[in-house]
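Here's the structure we're looking at; comments come further down.
The values are calculated or read from the model by the stated rules, or taken from the named source; none is laboratory data. In this text, all values refer to a predicted model and were calculated from it rather than measured experimentally. Note that we place each Cβ from the backbone using ideal geometry, even for glycine, and neighbour counts take in every protein chain shown.
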Amino acid sequence: MVGSLFRCVFGPRLKRIHRGTDSPAGFYYQPRALEKHSDSILGWAYILWSVSYYTSPLLLLYCYKKGYIVMSKILPATSYASVLLLVLTGVVCLRGVGRWANPEYVQFISILEETKRNNTAENKKKLAHYSFDFSHWPEDFRWDEVSSQKDHRSEKQRKVGVPLLKPEVKSRGTTGSNLFTQILSLPCQVIGYLMAHSFGRRMLYPGSVSLLQKAIMPMLLQGQARLMEEYRGKRAKLVACDGNQIDTVFVDRRATETDRGKKLVICCEGNAGFYEVGCVSTPLEAGYSVLGWNHPGFAGSTGVPFPQSEANAMDVVVQYAIHRLNFRLEDIIIYAWSIGGFTATWATMTYPEISALVLDASFDDLVPLALKVMPENCRGLVTRTVREYLNLNNAEQLCKYQGPVLLIRRTKDEIITTTGPEDIMSNRGNDLILQLLQFRYPKVMVDESVRVVKEWLCASNSLQQTSLYSRYEVDDDWCTSVLQSYKTEHGGQLPWTVGEDMTTEGRRQLAIFLAHKHMKNFDATHCTPLPSYEFTLPWTL
């Protein structure tokens, strides 16, 4: 009895009981009066603490100006804080008593404890009927459980958890000049570090802000219930090499008769996206098997969403798909929306056997978008800070992937444009496709070809593109035959030297043809959900 009460006091918050054999219809957990009111008090205390934390620099400045930061006033404040902490501890105990008096919670906590002691498939199946604080969910898969032949790291690196991102090579100089330069740049480095780890990271990934997550929690619970109850989703906790716990959901369609169900789409969400309400629904409604995951620091995932932890999370997700879900890399498709393009391009660069990559509303590089929202006189500091701490170099990573790629450009995108949605040529997706084509087909993408591709990118609808296609007399059959002949003779390894001995007109045709095959428009704003009929696999020769 005492043990059960202890578990109720320190147990997780129960949110929903999903539909199952015992409960034909899912329902939200209804706490009784004592638990409800004590939980409300703790919730408000958490909100006040969060607000105080985020505004602490201003509060400290205010207290300093008012003369409150003196020992004679700090000691009484410490006493008040101790009393408040004691009161909150009492509220936590009262909440535990309220849970202990609720048979539904007692049954849940018994299943959770049994699963932690004996993590069998049967116990996990029972636990899957409950939605609760994910920090208490037992581990399902660890990054070091298996050693994959596809892992680019050595066995020694896997054991010690060597970072998955390689640091940029810095130019060498004399020791003295390097030391002098480092001393001079130290203030900028400190400011850049503070910028990146305070408002910079939160501006880049607003979904990691706990207050925002608390505000949209009802929406997240509703989306999670839909995945669990309607699609029979399987939730799992993955542990990355940096120790972060990654919250994932898997919907298995392999039992269906369609070929799409045998393909797995791994979804990479945007900077305020969660798998519960994000781009997962697009391939799901199209009939594919789907694996969704949340960024570090988002919802059930722990950590902070910096590039290193993002890459670590993506790596364990791919390893989980291969070794636990038993998908071949050749049957995996990576689909990303917006900032998810970073982890998507990292995955395809690291695992080149992945069959296809679809990037929706993504960009080439973070620096131009960061400069857009920051003061003009901070350009140098912003550029350096992004390169040092938040370097989302999508185009560089994309060019290291040899497989099929489809870029979806939003014609009314207001987020990844540098001057505004009315100027479609300021969409950074244009720079992404230009860099991709210039790398893959350098002999085709000469100056004149780049000019006509930019002209094609100016077209914001299919009618304008068709008109341009006709004006330059693009022959799809001729372009396809040229590319097929080159592939037959030289193989498929990119970059290709096709177009080396071609006329200007031929290069123009081929350039427009390739741009058309690698990018398509979607007439919508940045945050409009992509309909399932718009989700198509990339063109292959």
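Descriptive notes on the structure:
- Of the residues making up the range 85-92, at least one is in contact (Cβ under 8 Å) with a residue 60 or more places away in the chain and either touching a helix residue (DSSP H, G or I) at 6+ places or on another chain (Cβ under 8 Å) or of a type in the set (D, E, K, R) (or both).
- Cβ pairs under 7 Å, 6+ apart, first in the range 426-444 and outside the structural domain of residue 494 (by TED's automatic domain parsing) and part of a helix (DSSP H, G or I), second polar (S, T, N, Q) and buried (at least 19 other Cβ atoms within 10 Å of the Cβ): 426/417; 429/362; 432/362; 432/394
- Looking only at residues of the range 275-289 that are under 15 Å from the mean Cα position of the chain (by Cα) and buried (at least 24 other Cβ atoms within 10 Å of the Cβ), we find that the one that is farthest from residue 338 (Cα to Cα) is 276.
- Test: residue in the range 511-527 that is in contact with a strand residue (DSSP E or B) (Cβ under 9 Å, 6 or more places away or on another chain), loosely packed, with under 15 Cβ neighbours inside 10 Å and more than 24 Å from residue 447 (Cα to Cα): yes
- Tallying residues that are under 21 Å from the mean Cα position of the chain (by Cα) and polar (S, T, N, Q) within the range 392-421 yields 4.
- Hey, residue 351 crowded, with 24+ Cβ neighbours inside 10 Å and in the same structural domain as residue 389 (by TED's automatic domain parsing) or not: no
- Residue in the range 478-498 that is in contact with a strand residue (DSSP E or B) (Cβ under 8 Å, 6 or more places away or on another chain) and assigned to a helix (DSSP H, G or I) present: no
- The set of residues from the range 499-541 being in a helix (DSSP H, G or I) and of a type in the set (Ser, Thr, Tyr) comprises 504, 532, 533.
- Scanning the range 284-311 for residues that are within 26 Å of residue 533 (Cα to Cα) and assigned to a loop (DSSP other than H, G, I, E, B) gives 286, 287, 288, 294.
- Neighbours by Cβ (under 8 Å, 6+ apart or cross-chain): first from the range 459-483, assigned by TED's automatic domain parsing to the domain that holds residue 503; second in a helix (DSSP H, G or I) and at pLDDT below 90: 459/465
- When residues of the range 342-382 are limited to those that are of a type in the set (Ser, Thr, Tyr) and touching an Asp or Glu at 6+ places or on another chain (Cβ under 8 Å), the one farthest from residue 418 (Cα to Cα): 355
- Residue in the range 219-232 that is more than 21 Å from the chain's Cα centre (by Cα), hydroxyl-bearing (Ser, Thr, Tyr) and buried (at least 16 other Cβ atoms within 10 Å of the Cβ) present: yes
One line per residue, one yes/no per condition, for (1) basic (Lys, Arg); (2) in contact with a His (Cβ under 9 Å, 6 or more places away or on another chain); (3) under 30 Å from residue 213 (Cα atoms); (4) loosely packed, with under 12 Cβ neighbours inside 10 Å:
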residue: 32; (1), (2), (3), (4): yes, no, yes, no
residue: 35; (1), (2), (3), (4): no, no, yes, no
residue: 42; (1), (2), (3), (4): no, no, yes, no
residue: 46; (1), (2), (3), (4): no, no, yes, no
residue: 60; (1), (2), (3), (4): no, no, yes, no
residue: 72; (1), (2), (3), (4): no, no, no, yes
residue: 75; (1), (2), (3), (4): no, no, no, yes
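- Filtered residues of the range 298-329 (kept if touching a Phe, Trp or Tyr at 6+ places or on another chain (Cβ under 7 Å) and at positive phi): 299
- For the range 184-206, the set of residues classified as within 16 Å of the chain's Cα centre (by Cα) and farther than 15 Å from residue 50 by Cβ consists of 201, 203, 204, 205, listed by residue number.
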